[in-house]
Amino acid sequence: MAHRRFRLLALLMALALLAAPAPARAPLRLVANFWGPYTENGLPGQGRAAQLVTQLLAEAGYDTSIEILPWQRALSMTYLGQADGIVAIWSTAERQEKLLLSEPYMANRISLLHRKGALAQVRTLADLKGLKIGVGLGYDYSPAFQAASGFYKDAAVDTLANLKKLLAGRVDAIVEDEVIVDYYRSKYAEQLPGADQLEFSPTPLMVLPLHFGVSRQRPDAEQIIARFNAALHNWRAQQKHTASRKP
């Protein structure tokens, strides 16, 4: 009963915050990287993550524009305040120094992709010893993965490049979000012959919460994040209510 009261109070506080008008201002200039199907030009709403972030910010009283860029440029622009915020980002200590991060609005299951039967026994980071693993250039995964040694991390500019390296035998496996791999295998099927012979290890190596981030260069960064989080709470409550009404 106490837990239900707390959830109701949190929802009422979120609704009260959203009811307060946001000051009139120019649209928030957001950036994201080429990371389909989460953020990518040509997809509805520029991808599922971009679409949700845009929706929540609209409910919070903010208009937005999103520019899709290479990851390291998008991150640098947000750090420097050349962009107001970044649509999708994992949390690290360094990033929290430069950005204010929202509560997680999605999560990424990061798994090991390899040729069928090749590395089925892999369960933990320790099992990667001696292997060459394809990773994303400039990506910061979990602290445990970043600190892990005993295997070589071979960086590529995007998932497509990593998949091509894996199919060519230049790496033993790659670490990637399962949804992203499925998206790339479908979209670039002609460029990835043999991709149907790849499989994920049974359990993900890590599950990373996905955040919206605002540059600390903005004096109203805390207000933006507070209003975003309130909209997120409201959206989740609506999702639960809708789910509870289904037969």
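FYI, it's all coordinate maths here, none of it is from the lab. Note that the structure is a prediction, hence the values are computed from the model and not measured. Cβ coordinates were reconstructed from backbone atoms using ideal geometry, including for glycine residues, and neighbour counts include every protein chain displayed.
Using helices alone, I'd like the mean residue ellipticity at 222 nm for the chain: each DSSP H run of four-plus residues gives -39500 (n - 2.57), total over residue count, nearest 500. That comes out to -11500 deg cm²/dmol. Per-residue Cβ neighbour counts within 10 Å put LYS153, LYS240 in the sequence LYS240, LYS153, beginning with the fewest. Cross-link pairs exceeding 24 Å between alpha carbons, from the set LYS187/LYS240; LYS98/LYS187; LYS116/LYS165; LYS116/LYS187; LYS98/LYS240: LYS187/LYS240; LYS98/LYS187; LYS98/LYS240. Mind checking the angle between helix 178-187 and the chain's longest principal axis? C-alpha axes, 0 to 90 degrees, to the nearest 10. The angle comes out at about 70 degrees.
Using a cutoff of 8 angstrom between alpha carbon atoms and counting only pairs six or more residues apart, the relative contact order for the chain works out to 29 percent.
With the convex hull of its Cα atoms as the shape, the chain has an orientation-averaged projected area of 15.9 nm².
About its Cα centre, the dipole of region 110-247 is roughly 300 debye, where the only charges are +1 on Lys and Arg Cβ and -1 on Asp and Glu Cβ. Counting charges near VAL207 (Lys, Arg +1; Asp, Glu -1) among other residues having Cβ under 11 Å from its Cβ returns a value of -1. Applying 0.36 nm per residue to the separation of ALA226 and GLN238 and subtracting their alpha-carbon distance, the gain on full extension is 2.5 nm. Of all DSSP bridge pairs formed entirely within the chain, close to 55 percent run antiparallel. The angle between the Cα long axis of helix 221-244 and the main principal axis of the chain comes to about 80°, on a 0 to 90 degree scale. Computed from Cα atoms, the angle from the helix 71-80 axis to the main principal axis of the chain rounds to 40 degrees. Normalised by the number of residues in region 115-155, the mean separation of alpha-carbon contacts (under 8 Å, six or more apart) gives a relative contact order of 46 percent.
Rank SER102, LEU43, LEU113 by how far each Cα sits towards the positive end of the charge dipole of region 35-143 (+1 on Lys, Arg Cβ; -1 on Asp, Glu Cβ) and give me just the farthest. Value: LEU113. Using only side-chain charges placed at the Cβ, +1 for Lys and Arg and -1 for Asp and Glu, the dipole size of region 86-170 relative to its Cα centre rounds to 540 debye. Could you work out the percent of alpha carbon pairs in region 107-207 separated by over 23 Å, rounded to a whole number? Pairs farther apart than 23 Å: 16 percent. Put a plus charge on the Cβ of each Lys and Arg, a minus charge on the Cβ of each Asp and Glu, and nothing anywhere else: the dipole of the chain about its Cα centre is then about 580 debye.
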